[in-house]
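Accompanying notes for the structure given below.
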Amino acid sequence: MAIPVKLEVFEGPLDLLLHLIDKNKVDIYDIPIAEITEQYLEYIRQMETRDMNVMSEFLVMAATLVDIKCRMLLPREVNEEGEEEDPRAELVQRLLEHKIYKYMCGELRDRQVDAGRNLYRDMQLPKEIEGYRPPVDYQELLGDMTLGKLHEIFQSVIKKQDERRDPVRSRYGNIEKDEIDMDAKTAYIEKFAREHQTFSFRRLLEKQGSRMEVVVTFLVILEMMKTGALIISQEELFGDILITSNL
């Protein structure tokens with residue numbers, strides 16, 4: 001009575017070759033083709049499957065091994081650099097790539113199993129804590145800044161705006177009301193603060209196109225200082241006032 005033999009299931013011919021190489025404990029860069037081919041063909045003979053797609057893959061590799069075995073018996077071919085080519089080189093490269101992919105798949109599978117063991121709980125905080133906002137210390141925000149220093153900068157910028165006016169042409173033409181949208185100016189300053197983070201107060205005022213824009217910008221800066229959105233600092237006496245954004 002014949003003893004039934006249960007064969008291991010391999011994912012493909014390269015997986016079978018790696019198994020045979022590990023089983024025989026041979027160097028993957030110096031594969032004994034004759035020995036490995038015999039063992040490979042023996043496995044093919046014992047396979048029991050009706051899936052021709054699977055069988056065709058194993059048979060193609062068997063033909064490749066036989067071809068390499070025949071080429072090993074012939075004189076080695078020489079490449080353009082004058083070096084002898086190893087008929088096993090291409091197969092070795094494929095085996096190494098397959099070994100890397102197999103290792104990566106195993107690593108990802110282990111990480112997936114570990115991730116499945118992690119449990120997370122939704123954040124549950126009382127509404128009182130979620131709605132809490134720390135009080136704003138206006139004295140700390142202003143630091144050593146005084147209204148007198150802000151007034152000096154304001155007067156300096158206003159003076160520059162007056163110097164830009166043409167003393168002759170400004171007397172002619174129609175005088176129109178200069179309307180400034182406070183919300184639009186606030187949005188402009190918030191965008192400017194986010195883009196620059198820290199900037200000169202004088203530089204911001206000098207970018208304004210008219211006296212009214214300077215006034216509105218000045219008022220918006222004061223309001224944002226009160227809410228804590230902006231922090232004013234001055235490194236030295238009579239030095240430039242710097243604005244730091246908390247947006």
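Just a few scattered comments:
- Residue check, Ile232 within 24 Å of Gly148 (Cα to Cα), under 38 Å from the mean Cα position of the chain (by Cα) and at pLDDT below 80: yes
- Put simply, of Pro87, Pro75 the only residue that is surrounded by 15 or more Cβ atoms within 10 Å (Cβ to Cβ) and outside any helix (DSSP H, G or I) is Pro87.
- Restricting the range 69-100 to residues that are of a type in the set (Val, Ile, Thr) and at pLDDT 85 or above leaves a set whose member that is nearest to Ile31 (Cα to Cα) is Val92.
- Meets criteria (under 42 Å from the mean Cα position of the chain (by Cα) and modelled with pLDDT of 80 or more) for Met61: yes
- Test: residue in the range 106-125 that is assigned to a helix (DSSP H, G or I), modelled with pLDDT of 80 or more and among the basic types (Lys, Arg): yes
A quick yes/no check of all residues on (1) closer than 14 Å to Leu91 by Cβ; (2) among the charged types (D, E, K, R); (3) modelled with pLDDT under 85:
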{"position": "Glu11", "(1), (2), (3)": "no, yes, yes"}
{"position": "Lys23", "(1), (2), (3)": "no, yes, no"}
{"position": "Val26", "(1), (2), (3)": "yes, no, yes"}
{"position": "Tyr43", "(1), (2), (3)": "no, no, yes"}
{"position": "Gln46", "(1), (2), (3)": "no, no, yes"}
{"position": "Asp67", "(1), (2), (3)": "yes, yes, no"}
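- Positions within the range 188-227 being crowded, with 16+ Cβ neighbours inside 10 Å and in a loop (DSSP other than H, G, I, E, B), in sequence order: Gln208
The values are calculated or read from the model by the stated rules, or taken from the named source; none is laboratory data. Computed from a predicted structure; not experimentally measured. Every residue, glycine as well, gets a Cβ built from its backbone with ideal geometry; the counts of neighbours run over all protein chains shown.
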